[in-house]
Amino acid sequence: MKIKYIVVMLGLGWVLGCAGGPKPGTKVTVDTETGKTQVIEQSFFMARKIKVEGIKYRLIGDLNQAQVMLTSESSSVVSLEIKGVWYDQNGFVAPDPKELWRLVIMNPQESKAMVFIAPRKDAVRLELTAREGSLEN
């Protein structure tokens, strides 16, 4: 009877722990005005597969350009979806109709540089979101 109780409690704990589901992935912020960069790992499972190894930015003509270096720490192929959104000095989105979710396939231990160019010259802060993708389709 005691073993059944423990098994039921463990199962219930597992179900309740998973009810919220994992967070979307990893978020990277690059502020070209202040020079601050930040990596927020929102998903434990994503953080074990992919690491942000470097963040750089520069001015190309009138537009800001940011580069985020991602490295796979997995022993198998990893599929990611990545999207960058630029903001102006006041925190408003600088819309870019060309920027959609990008599908990125990373081989084991591979590094890839993801480059984002601001859509307007007043766009100074990039928020990059990476989430797990699907290898199917």
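Rule-based calculations on the coordinates, nothing more; no lab input. What you see is a predicted model, and the numbers here were worked out from it, not measured in a lab. Note that each Cβ is placed from the backbone with ideal geometry, even for glycine, and that neighbours are counted across all protein chains shown.
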*For the pairs 27/56; 27/51; 27/98, note any where the Cα-Cα span goes beyond 18 Å.*
27/98
_Inter-label distance, nm, simple model (7 Å from Cα along the C-beta direction), residue 110/residue 48_ = 2.2
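Excluding residue 49 itself, what net charge comes from residues whose Cβ is under 10 Å from its Cβ, given Lys and Arg +1 and Asp and Glu -1?
Details: positive: 48, 51; negative: 73, 132.
The answer is 0.
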*Determine the distance separating the Cα centre of the stretch 40-97 from the Cα centre of the stretch 119-137; give it in Å without decimals.*
6
*Other-chain or far-sequence residues with amide H under 5 Å of residue 133's (modelled H)*: 79, 80, 81
*Using the Kirkwood radius built from alpha carbon pairs, what does the Stokes-Einstein equation give as D for the stretch 21-67 at 4 °C and 1.567 mPa s, in µm² per second?*
107
